[in-house]
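Report on the following structure.
The values are calculated or read from the model by the stated rules, or taken from the named source; none is laboratory data. Bear in mind that the values here come from a model prediction, so they are computed numbers and not experimental data. Because the Cβ atoms are built from the backbone with ideal geometry, glycine has one as well, and the counts that use them run over all protein chains shown. Surface areas here come from the heavy atoms of the whole protein model, side chains and all, with no ligands, DNA or RNA. Shrake-Rupley method; radii C 1.70, N 1.55, O 1.52, S 1.80 Å.
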Amino acid sequence: MTDEVMARAVSGPGSSTSRRGPLLYSDVIRERWRRPRFRGDLPGASAVAEDVNPLCGDRVRLMLALADDRVAGARFVGDSCAICTASADVVAELVVGRSRVEALTVDAADVLAVLQADIRPTRMRCVTLPLSVLAAALKGKR
Amino acid sequence: MRLDERTRPDFPILERVVNGHPLVYLDSAASSQRPRTVIEAMGQYYARSHANVHRSIHTLGEEATELYEAARDRVQRFIGAGSREEVVFTRGTTDGLSLLAETLGRTLRAGDEVLITELEHHSNIIPWQLATRDRGAVLKAVPLRDDGTLDLEAFERLLTRRTRVVAFAHVSNVLGTINPVAEMSARARQVGAFTVVDGAQAAPHLPLDISLLGCDFYVFSAHKMLGPTGIGVLYGRREVLESLEPGRGGSEMIKEVWIDRAQWNDLPWRFEPGTPPIAEAVGLTAAIEYLEKLGMERVLEHERALTRQALEGLAAVPGVNVYGPPARTDRGAVVAFTVAGLHPHDVAALLDAEGIAVRAGHHCAMPLMRRLGVVGTSRASFSVFNSPDEVGRLLAVVAELRTAL
Ligand SMILES: Cc1ncc(COP(=O)(O)O)c(C=O)c1O
């Protein structure tokens, strides 16, 4: 690990050439940051959770409408960066229509597959915050 | 010659290319970079002289002890302390403040008060929360005025006979506000309170003379002043240090030990339990030598010009908000700003894509963020190696940011 970082400092992507491959701010992230599809309040939500990323103070609140143990609707609000906002938007989209148990299986790989971005380790928490909020919402109130 | 023209060749890290651009390092408030002399001094020490200090009766042990104690003398002169006994080495600012909260905390009684301020770094909040909570004492904070300076009238009101400790930053790590240390220390002394000053953002950037400040304690970190991580300084006024029971124990800090009691060592070792950061002390000596060669007056003048350039430039960009006292007043070498419609972390990431390193987030000052009504800010901060061109690069990239996402 240490050797890897040291080597990158000498020659790697952060060094002399521009970074190749997917960008940090992919088109999906830009689009969902500018126009999130699932942002807003959900009156009558039956499962709600909120959490804060202690590293940056980002806050995400996820609201789910559960009907017959299925996620009938999902919305989020929050103060968060583009990556976290896009992740919350994707999470909301992915869980709608799933059963509670199926919704719990949504993970970072699913979100990353939609985001199509080069998320570095320091920003992974931005992706995973909405997922931990989702888990809290689903496991919390019935 | 401008200061940066003279210093830049001394900082090997400035040769780094980041994301295809020459590194523009504007995050010295979090941790500065080091000149080659500091890096080499520590390497030399490990390669030639390392052993444990104080207890070793052999040549290397003596060399290590000499180097470690020479660092103390160097610090004493650098900060204008009255004697070397007043200079205690710690692991950093956080460690120094914790040590003080633990040590002074033991003198607190139920109902006593500790007074901090709304602009403190978490390191100067949490240790006092722990200390007051443990003793049934009360923690209060001096509020800020809208211009980013402390409300000194409120300070007067909050300072009472019950106040045992007043702890505040010399320079804010977010707003750049320079607090009136001498005035506040003098008032605190009138009510018999100890004064603890967090100098993390001051010691690297301005000429210090502790004897003029009149505080009881002053703490700072080496890694923000061109020195290594892992070492800091706690200045303590001699009479006060002498009157205190150590808050932490271990080797080095004792003269004689029995199973149920011990006799404390002399100052300053009484407050330095365990093997100290020796190589780091050697590095700190080299850092101070470097700063003194430049002259702290020149350092101040150089960084003040950069800060003003950044403040005025950023304030002129549509959609950009800058925080803290106005550009024309004396400020520390930090500029916190927000860009409308962009999260501070995205601002920092977009700047990083251009090779520009700034800090973003709450800057370990959540109560201050709440007071400012923001989740966080981006922050550019300056050191001796930064140039007006680099500030110009920052301004140019920030001007394009609003359309970047
Ligand atoms: C004002 C202030 N106080 C305390 C600290 C903590 O310093 P350290 O992390 O070196 O202990 C910092 C820096 O992060 C600071 O800016």
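Tabulated data for the structure shown
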item: Only listed residue being surrounded by 17 or more Cβ atoms within 10 Å (Cβ to Cβ) and within 16 Å of the ligand (Cβ to nearest atom), chosen from B:219, B:299; result: B:219
item: Residue ID - farthest from residue B:200 (Cα to Cα), chosen from residues in segment B:24-44 that are more than 14 Å from every other protein chain (Cβ to nearest Cβ) and in a loop (DSSP other than H, G, I, E, B); result: B:35
item: Inter-residue pairs, beta-carbon under 6 Å, first touching a residue at least 40 places away in the same chain (Cβ under 8 Å) and closer than 14 Å to residue B:200 by Cβ and in segment B:119-130, second within 9 Å of the ligand (Cβ to nearest atom) and acidic (Asp, Glu), 6+ apart; result: B:124/B:198
item: Selection within segment A:53-94 - facing another protein chain (nearest Cβ under 10 Å) and open to solvent by 40 Å² or more (accessible area, probe 1.4 Å); result: A:54, A:55, A:59, A:79
item: Filter result (within 14 Å of chain A (Cβ to nearest Cβ), at negative phi and not in a helix (DSSP H, G or I)) within segment B:1-23; result: B:16, B:17, B:18, B:21, B:22, B:23
item: Within segment B:159-197, tally of residues that are within 27 Å of residue B:109 (Cβ to Cβ), of a type outside the set (Ser, Thr, Tyr), part of a strand (DSSP E or B) and open to solvent by less than 10 Å² (accessible area, probe 1.4 Å); result: 7
item: Options B:377, B:338; residue that is touching a residue at least 12 places away in the same chain (Cβ under 8 Å), closer than 25 Å to residue A:122 by Cβ and within 21 Å of the chain's Cα centre (by Cα); result: B:377
item: Residue within segment B:254-262 that is outside the structural domain of residue B:394 (by TED's automatic domain parsing) and touching a residue at least 12 places away in the same chain (Cβ under 8 Å) present; result: yes
item: In segment B:255-273, the residues that are more than 27 Å from residue B:214 (Cα to Cα) and open to solvent by 50 Å² or more (accessible area, probe 1.4 Å); result: B:255, B:256, B:257, B:258, B:259, B:260, B:261, B:263
item: Verdict on residue B:46 being within 24 Å of residue B:224 (Cα to Cα), more than 16 Å from the ligand (Cβ to nearest atom) and open to solvent by less than 20 Å² (accessible area, probe 1.4 Å); result: no
item: Pick from segment B:117-133, criterion surrounded by fewer than 24 Cβ atoms within 10 Å (Cβ to Cβ) and more than 9 Å from the ligand (Cβ to nearest atom), ranking: nearest to residue B:178 (Cα to Cα); result: B:118
item: Enumerated helices (runs of 4 or more DSSP H) restricted to segment B:308-405, each holding at least 1 residues that are more than 16 Å from the ligand (Cβ to nearest atom) and surrounded by fewer than 17 Cβ atoms within 10 Å (Cβ to Cβ); result: B:366-372, B:388-400
item: Any hit, segment B:86-98, residues being closer than 14 Å to residue B:217 by Cβ, open to solvent by 30 Å² or more (accessible area, probe 1.4 Å) and among the acidic types (Asp, Glu); result: yes
item: Of residues in segment B:19-40 being surrounded by fewer than 21 Cβ atoms within 10 Å (Cβ to Cβ) and of a type in the set (A, V, I, L, M), the one nearest to the ligand (Cβ to nearest atom); result: B:30
item: Residues of segment A:30-49 satisfying the condition of being more than 14 Å from every other protein chain (Cβ to nearest Cβ) and either assigned to a loop (DSSP other than H, G, I, E, B) or among the acidic types (Asp, Glu) (or both); result: A:37, A:38, A:40, A:41, A:42, A:43, A:44, A:45, A:46
item: Options B:199, B:214, B:227, B:148; residue that is away from the ligand (no atom under 15 Å from the Cβ) and of a type in the set (Gly, Ala, Ser); result: B:214
item: Test for residue B:208: is it open to solvent by less than 10 Å² (accessible area, probe 1.4 Å) and part of a loop (DSSP other than H, G, I, E, B); result: no
item: Single unsatisfied condition, residue B:366 versus (1) farther than 24 Å from residue B:198 by Cα; (2) at the interface with another protein chain (Cβ under 9 Å from one of its Cβ atoms); result: (1)
